[in-house]
1. So, of the residues in the stretch A:14-31 that are buried (at least 18 other Cβ atoms within 10 Å of the Cβ) and modelled with pLDDT under 95, which turns out to be farthest from the other protein chains (Cβ to nearest Cβ)?
2. Output the qualifying pairs, or none if there are none: Cβ atoms under 9 angstrom, residues six or more apart or on different chains, first residue in the stretch A:12-36 and assigned to a loop (DSSP other than H, G, I, E, B), second residue acidic (Asp, Glu) and surrounded by fewer than 18 Cβ atoms within 10 Å (Cβ to Cβ).
3. Being loosely packed, with under 12 Cβ neighbours inside 10 Å and polar (S, T, N, Q) is the filter here; which residues of the stretch A:56-67 pass it?
4. Of everything in the stretch B:31-49, what is out of contact with any strand residue (DSSP E or B) (no Cβ under 6 Å at 6 or more places or on another chain) and touching a residue at least 12 places away in the same chain (Cβ under 8 Å)? Give them in sequence order.
5. So the check is Cβ under 7 Å with 6+ separation or different chains; which pairs have a first residue in the stretch B:101-115 that's under 20 Å from residue B:38 (Cα atoms) and a second one that's of a type in the set (Val, Ile, Thr) and assigned to a loop (DSSP other than H, G, I, E, B)?
6. Kindly provide the set of residues from the stretch A:76-94 that are surrounded by fewer than 15 Cβ atoms within 10 Å (Cβ to Cβ) and touching a Gly at 6+ places or on another chain (Cβ under 9 Å), ordered by number.
7. Which of the residues spanning the stretch A:32-47 are surrounded by 20 or more Cβ atoms within 10 Å (Cβ to Cβ) and touching a Ser or Thr at 6+ places or on another chain (Cβ under 9 Å)?
8. Can you tell me which residue in the stretch A:52-108 is farthest from the other protein chains (Cβ to nearest Cβ), limited to those that are charged (D, E, K, R) and in a strand (DSSP E or B)?
Amino acid sequence: GIQVEQSPPDLILQEGANSTLRCNFSDSVNNLQWFHQNPWGQLINLFYIPSGTKQNGRLSATTVATERYSLLYISSSQTTDSGVYFCAVVAGFQKLVFGTGTRLLVSP
Amino acid sequence: EPEVTQTPSHQVTQMGQEVILRCVPISNHLYFYWYRQILGQKVEFLVSFYNNEISEKSEIFDDQFSVERPDGSNFTLKIRSTKLEDSAMYFCASSESATVSYNEQFFGPGTRLTVL
C-alpha cells in the first residue's frame, strides 16, 4: 500500500518563528489532507489540498502531486500551534492513510 | 458550522465486554468512516460505510467489529468482546462524497476507549 512519511518527526520552536513540515507519499493520490491534533486529541482539519497551494491565516500548504510531496508552512508560530501535525492521503478508494506525524512544541 | 459529534468522550470497560461507540455525522454527508489511534501512534483506518453497506475495511476490522446506521442520523461502531489491545482513541469521520474530484473527510472529537 501507499507509504506516507513526514519530516521532521519532532520540532521545537520559539514563539514567533516560522517552520516548514514535509509530507512525502509513495504513489499518486486523489486526496491529501493536513490535520492538527491538539493536546486533547482532537483532529482539526487544516487543509484539503490534493494539488496546488492554499492559505489560511498564518498557515499555508502546497502539494506538488507530480513529485509526490506536500508542505505545510506555519508562520509566526504561537504556543497554541503546539501539537501533532498529520498528513493523510487517499490513494485508491476512500480510506485515508495517515503519516506518522510531526510533533511541534512552540515555547513562549 | 456543521460538525461530527461522538459519544461518549471516554469509555472504560472490562475485557470481554461489548461496547458501542456512537457518532452523528454531518447531516448532508453520505460516507462514514471509523478510524482508531493507539496512544502515541498514527491514525489507522478501520472501515468505511455507504448506502447502508461496508464499502471498504482494513485487516484490523475483524469479526469482533461491526458498524450500523440504526436511524437517519446515528452511525455506530460495536466491539463485541473487547480486548486489552482495543484500548485506543476511536474517531468517526464523514464526507459529502467519495469521488476523485472531492472527498474531504471531517473528523469527530473521538471516543477514548480504555479496556481493563
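The values are calculated or read from the model by the stated rules, or taken from the named source; none is laboratory data. Owing to the predicted nature of the structure, the values given are computational and were not obtained by experimental measurement. Cβ coordinates were reconstructed from backbone atoms using ideal geometry, including for glycine residues, and neighbour counts include every protein chain displayed.
1. Per the criteria, the residue is A:29.
2. Once the first residue is assigned to a loop (DSSP other than H, G, I, E, B) and sits in the stretch A:12-36, its partners that are acidic (Asp, Glu) and surrounded by fewer than 18 Cβ atoms within 10 Å (Cβ to Cβ) give A:26/A:5.
3. A:56, A:66
4. Across the stretch B:31-49, the qualifying residue is only B:39.
5. Close Cβ pairs (under 7 Å, with a partner that is of a type in the set (Val, Ile, Thr) and assigned to a loop (DSSP other than H, G, I, E, B)) amount to B:106/B:4; B:106/B:26; B:107/B:4; B:108/B:4; B:115/B:82.
6. A:76, A:78, A:92
7. Correct list: A:32, A:34, A:47.
8. To start, the set of residues in the stretch A:52-108 that are charged (D, E, K, R) comprises A:54, A:58, A:67-68, A:81, A:95, A:103.
Now restrict to residues that are in a strand (DSSP E or B): A:54, A:103.
On the way: A:54: 12, A:103: 10 Å.
Across the stretch A:52-108, the extreme among qualifying residues is A:54.
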